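Working notes, structure below.
The values are calculated or read from the model by the stated rules, or taken from the named source; none is laboratory data. Remember, it's a predicted structure, so these values are computed and weren't measured experimentally. Ideal geometry is used to build each Cβ from the backbone, glycine not excepted, and the neighbour counts take in all protein chains shown. For accessibility, only protein heavy atoms count, side chains too; no ligands or nucleic acids. Shrake-Rupley method; radii C 1.70, N 1.55, O 1.52, S 1.80 Å.
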Amino acid sequence: ALKRLGPLVAELGMLTGSEQRTVERRLNEEHQLLSFAEQTTASPGAANPVLERTGEAPIRSADRVSRLVRRPSVSLRELLTATLSDLPEASDDAWTSVEIEVKYEGYLERERQAARKLKDLVDFQLPEDLPYLELASLSTEGRIPGISPSDLQNLVLEVVRSRQQVA
């Protein structure tokens, strides 16, 4: 997810060469840290002291760092430092970003999906010949002069459904 931003920033063309290099360096740091978190396995001997300091339950068998970091009080930097002897150099901001990405991965992905859906609706247009009275899911008692939010959602779904039937 973090790596996808690089081409986007370059495409926007809003950055100077120096700023572009700074963004690329930061994204590379984040990508490297994320790779370490996903690929590194922490043994109980390395992870348990970190887990115990944060009040988290110890582990009995080795587990991936990215999985252990999802625990609320566990720090990515502490866990990787305890597990590996050779860490990549990265800014404090990169460490923070990757920890947030790992801890809130599920939530962030749902928000990204919602944003993609919203982006798809930006250019959504209702057909001029839409038979509104035939749409069973619309209520006829919407707000005057507007339409209720649920009716708007139903209207969009009806149009999408009808377009899929035609295709």
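Kindly provide the set of residues from the range 39-73 that are under 27 Å from residue 23 (Cα atoms) and touching a helix residue (DSSP H, G or I) at 6+ places or on another chain (Cβ under 7 Å), ordered by number.
40, 65, 66, 69, 70
So which helices (runs of 4 or more DSSP H) are wholly in the range 47-138 and hold at least 2 residues that are exposed (fewer than 14 other Cβ atoms within 10 Å of the Cβ) and either more than 26 Å from the chain's Cα centre (by Cα) or of a type in the set (Gly, Ala, Ser) (or both)?
So the answer is 105-121.
Give the residues of the range 11-27 that are under 15 Å from residue 93 (Cβ atoms) and either open to solvent by less than 80 Å² (accessible area, probe 1.4 Å) or of a type in the set (Phe, Trp, Tyr) (or both), sorted by residue number.
22, 23, 26, 27 - these are the residues of the range 11-27 that are under 15 Å from residue 93 (Cβ atoms) and either open to solvent by less than 80 Å² (accessible area, probe 1.4 Å) or of a type in the set (Phe, Trp, Tyr) (or both).
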